[in-house]
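What follows is one structure encoded as structure tokens, with my remarks underneath.
Just so it is clear, none of the values below were taken in a lab; they were calculated from the coordinates. None of these values were measured; they are calculated from a predicted model. Counting neighbours? That spans all protein chains shown, and the Cβs are built from the backbone with ideal geometry, glycine included.
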Amino acid sequence: MEPVRVGLVGLGWWGGTLATKAQEAGLEVVSCFARTPETRDEFAATHGAVAAESLQALLSDDSVHGVLLATPHSTHADLVAQVAGAGKHVFVDKPFTLTVAEAKRAIAAAGQAGVILQVGHNRRRQPANRRLRAMVDSGELGTIHYAEANLSYPKGLNPRGGWRGTPEESPAGGMTGLGVHMADNLNYLLGKAARVSAFSKRIVAVSDLDDVTTATIEFHDGPLAFLGTSMVIPDIARTALWGTEAAAWNENDGERFFTQETGSKERVEEEVETLDTVRDELEEFAANIRNGTTPETGGPEGLEATVILEGIVESAATGRVVDLDEVRART
């Protein structure tokens with residue numbers, strides 16, 4: 001079987017992680033590009049790739065089947081269009097885009113080119129989240145009434161420099177890079193979101209970014225949900241559902257799982273498997289390229305997370321409840 005060969009654009013710390021995980025997933029990283037020659041030369045030496053002198057050189061390489069994008073969020077739509085226009089399949093890190101209009105433009109470009117478009121929403125792949133979804137589908141939890149999703153960590157107390165630390169690339173603070181993971185989890189478990197009301201602010205104010213963002217979301221199928229993120233508090237990585245028959249929790253980023261029956265005052269911990277979700281999504285990317293199959297988190301799923309993100313940014317800025325169907329309809 002011919003190996004799937006990929007190029008990587010965006011060679012920062014996450015680009016390095018993607019390269020390592022891609023190699024573990026059986027892809028060959030054969031080319032890389034960043035604007036700084038020293039960065040791409042060092043990356044190429046580390047990962048055994050060719051340092052492309054330009055993006056066009058990478059896209060013109062006939063040996064490259066697909067491209068992994070780990071670039072600033074605001075560049076995603078344009079880069080997806082360029083990669084697709086060159087006939088290459090594309091894997092783009094989350095958030096897919098910062099606006100719905102950009103997401104639709106990227107989806108259209110990939111569709112017109114007939115290439116695979118996959119978005120890096122990996123956390124739904126955790127076995128704990130798969131179990132939550134199975135409990136929803138089976139009716140084990142009863143009518144889903146309420147949900148919570150929170151992804152927070154204290155790294156913002158010692159902020160990194162670079163583009164991730166700018167409000168232009170990270171509106172609503174950690175919601176763009178962290179909370180959007182949980183927006184996808186909620187979409188996966190509850191369906192499409194209908195309305196959102198959000199707050200986002202600087203309290204500790206150790207960087208230019210908002211350090212806490214919270215949102216209340218109403219879903220079309222009925223449930224309400226809390227979505228939160230902070231960059232200055234102890235680690236939280238939780239997705240939880242409350243139904244009329246029982247509740248269930250994915251805790252510690254998929255490492256622990258709890259249930260509680262209605263009428264009981266105690267949670268019960270259950271065994272749960274874990275999974276390298278980044279490797280898993282890249283294994284799927286390779287399979288999609290080989291087989292022409294549709295990604296689990298493709299353009300439509302990436303767009304739905306962007307709907308929530310854009311709605312949160314707007315609600316926090318205006319102080320009003322935002323109709324997400326109106327956001328979803330933007331072009």
*Consider the candidate values (i) 174; (ii) 116; (iii) 136; state which one is volume of the Cα convex hull per residue in Å³ computed from the structure displayed.*
(iii)
*When we measure straight from the Cα of LYS21, which lysines land under 22 angstrom away, once same-chain ones fewer than 8 places off are left out?*
LYS88, LYS94
*Please give the net charge around PHE96, taking every other residue with its beta carbon less than 15 angstrom from that of PHE96, where Lys and Arg add +1 and Asp and Glu add -1.*
-3
_Under 5 Å, built H, 5+ apart or other chain: amide partners of VAL4_ = GLU28
*Could you tell me which of rounded, prolate or oblate describes segment 5-73, using a ≥ b ≥ c as the square roots of the eigenvalues of the alpha-carbon gyration tensor, with rounded for a/c under 1.5 and, failing that, prolate when a/b is larger than b/c and oblate otherwise?*
rounded
*Inter-centroid distance (Cα atoms) of segment 243-313 relative to segment 158-209, Å*: 18 Å
*Which order do the peptides 262-271, 27-36, 287-296, 151-160 take when ranked by the mean count of other beta-carbon atoms within 10 Å per residue, highest first?*
27-36, 151-160, 287-296, 262-271
*Fluctuation leader among HIS89, HIS181, HIS145 - the chain, Gaussian network, Cα springs under 10 angstrom*: HIS145
*Per the Cauchy relation, a quarter of the hull surface: what is the mean projected area of the convex hull of the alpha carbons in segment 160-227, in nm²?*
4.7 nm²
*Among the lysines, which have Cα under 20 Å from the Cα of LYS201 when same-chain residues fewer than 8 positions away are ignored?*
LYS155
*Between segment 81-138 and segment 1-30, how many Å separate their Cα centres?*
17 Å
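For the chain, what are the DSSP H helices with axial Cα length of 27 Å or more and mean Kyte-Doolittle hydropathy of at least -0.5?
Working: long enough: 299-318 (28 Å, 0.57).
Helices passing the filter in the chain: 299-318.
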*Over segment 80-237, what is the mean sequence separation of C-alpha contacts under 8 Å (at least six apart), divided by residue count, expressed as relative contact order in percent?*
24 percent
